[in-house]
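Heads up, the thing below is written out as structure tokens.
The values are calculated or read from the model by the stated rules, or taken from the named source; none is laboratory data. A quick note: this is a predicted structure, and the numbers were derived from the prediction, not measured. Positions of Cβ are backbone-derived with ideal geometry, glycine not excepted, and every protein chain shown enters the neighbour counts.
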Amino acid sequence: GEALHAIEAHIVTINQHMDSIATSSREQSVGLSEVNTAVNQMDQVTQQNAAMVEEANAAGATLANEAGRLRELISQFQLGQGQGMANPRSALRQTAAIMAASSRSVPPASPARGMVGKIARAFTGQGGSATAAATDNWEEF
């Protein structure tokens, strides 16, 4: 009889531990989902910022081009002795250089995508023990 009571007590303890593990797993899953959502939002904001930078570069190039054309048109007017534009061709070269430089700009890649895998490995424990995860360098994050 005592052996059966001891076995029953151990089974109850094991069930309690399993319930605790299941609860912790659910909480961890919810936490990982929230982190994933936050990383996706950061990625969207990064992509929006990159698009705005690209638009600003295009607007700047257009503005520089229009300024060059305006200088060329203004240089045709005679303002009096020695008051004209000094060198309209140099203005055109400067405008062309600005346009060439702005067309080479490329939006940066989003660092948020690379962090998703690191975060997932930290929560699932893949690729190392718990002590290895504790000693990881999180400065990059």
List the pairs whose first member sits in region 40-61 and is under 26 Å from residue 96 (Cα atoms), whose second member is assigned to a helix (DSSP H, G or I) and polar (S, T, N, Q), and whose Cβ atoms are under 7 Å apart, counting only residues at least 6 apart or on separate chains? 57/102; 60/102; 61/102; 61/103
Going by the conditions given, is residue 120 touching a Leu at 6+ places or on another chain (Cβ under 8 Å) and at pLDDT below 70? yes
Only one of 4, 32 is over 38 Å from the mean Cα position of the chain (by Cα) and either assigned to a helix (DSSP H, G or I) or modelled with pLDDT under 95 (or both). Can you tell me which? 4
Can you tell me how many residues in region 1-19 are surrounded by 10 or more Cβ atoms within 10 Å (Cβ to Cβ) and either of a type in the set (Asp, Glu) or touching a residue at least 40 places away in the same chain (Cβ under 8 Å) (or both)? 2
